[in-house]
Amino acid sequence: MRVNTAKQKMLQGKPAYGFGLGLGSPLVAETLANSGIDFIMLDNQHGSWGPDSTIMALMAMASGSAIPMVRVARNDFTMIGRLLDEGALGIVVPMVHTPADAKAAADACRFPPTGTRSWGWASAARYGDDYSDQINEQVFVAIQLESIDAVNNAEAIMATPGIDGCWAGPGDLALSMGIHPGNAANDDRHARALERVVQACRNTGKIPGLATTGPEDAMRRAAQGFQYLTAGGDAGFILAGARAAVKTLGL
């Protein structure tokens, strides 16, 4: 069974950094999986991934060092199970507002008796004959706290058995507080809400995470106590490289 090295780093108290991919390209996934980053997160909620391209990307990342993770489109038992069947070693579940939401996500990610995941798998067989014995331990299950209601329920949500950590969504959190996402970084209310997320994770022994704007922001957030951190993504990297080239060309 493949060891989830990103999860192990976080359990040791270290930050794990990842790239979010939304362009729907298995070739980009394969390339970035070999970049040295801790994990790759395919974004099935807001990204341009379909079922077939997701399967191909998980296959393409199999030889890379980055741990393959996926943000599922919604908190759905079958969707989560299918992603695990195809080889995801981490699942991020959006819009979790209550402990009941968290329990549904956690149960879908692990085989009985720990959870209720359906027995069977597809390309995850690449991980070896001991897959079914080890996956419950190796999978990283993160829920998204992305509303003020979720923040208010954060400690109860994070205390849910089977939840390993969270990946806070700063944009939707801001909207739920009546703050434009573009102004969130300058609003003390938003900062205090994120501090509450970190504290809730500390109180429950879980891993706090956050979607950040890039490497520098990710490192700053790591210093604040966040550990599961996306530090940019495919579209942003391509556009930044293109803009740098255009500037160099004087266009």
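The values are calculated or read from the model by the stated rules, or taken from the named source; none is laboratory data. Keep in mind the model is a prediction, meaning the values are calculated, not measured. Here the Cβ is made from the backbone with ideal geometry for all residues, glycine too, and neighbour counts use every protein chain on show.
Spot the failing condition for Ser53; the list is (1) hydroxyl-bearing (Ser, Thr, Tyr); (2) under 15 Å from the mean Cα position of the chain (by Cα); (3) assigned to a helix (DSSP H, G or I), and only one is missed. Checking Ser53 against (1) hydroxyl-bearing (Ser, Thr, Tyr); (2) under 15 Å from the mean Cα position of the chain (by Cα); (3) assigned to a helix (DSSP H, G or I), the one that fails is (2). Given the condition in a helix (DSSP H, G or I) and acidic (Asp, Glu), answer yes or no: does some residue in the stretch 111-131 qualify? No - not one qualifying residue is present in the stretch 111-131.
Listed conditions (1) part of a helix (DSSP H, G or I); (2) free of Cβ contacts under 8 Å to residues at least 40 places away in the same chain; (3) not basic (Lys, Arg) are all met by Ala200, apart from (2). The single residue among Thr230, Thr204, Thr212 that is of a type in the set (Val, Ile, Thr) and out of contact with any helix residue (DSSP H, G or I) (no Cβ under 7 Å at 6 or more places or on another chain) turns out to be Thr230. Taking every residue in the stretch 20-45 that is farther than 14 Å from Met59 by Cβ and pairing it with any residue that is basic (Lys, Arg) and at pLDDT 95 or above, at least 6 positions away or on another chain, the pairs with Cβ-Cβ distances below 8 Å are Gly20/Arg71; Asp38/Lys9; Met41/Arg71; Asp43/Arg71; Asn44/Arg71; Gln45/Arg71; Gln45/Arg74.
So which residues in the stretch 16-59 are within 18 Å of Trp167 (Cβ to Cβ), buried (at least 20 other Cβ atoms within 10 Å of the Cβ) and in contact with a Gly (Cβ under 7 Å, 6 or more places away or on another chain)? Within the stretch 16-59, Phe19, Gly20, Leu21, Gly22, Ile37, Asp38, Phe39, Ile40, Met41, Asp43, Gly47, Trp49 qualify.
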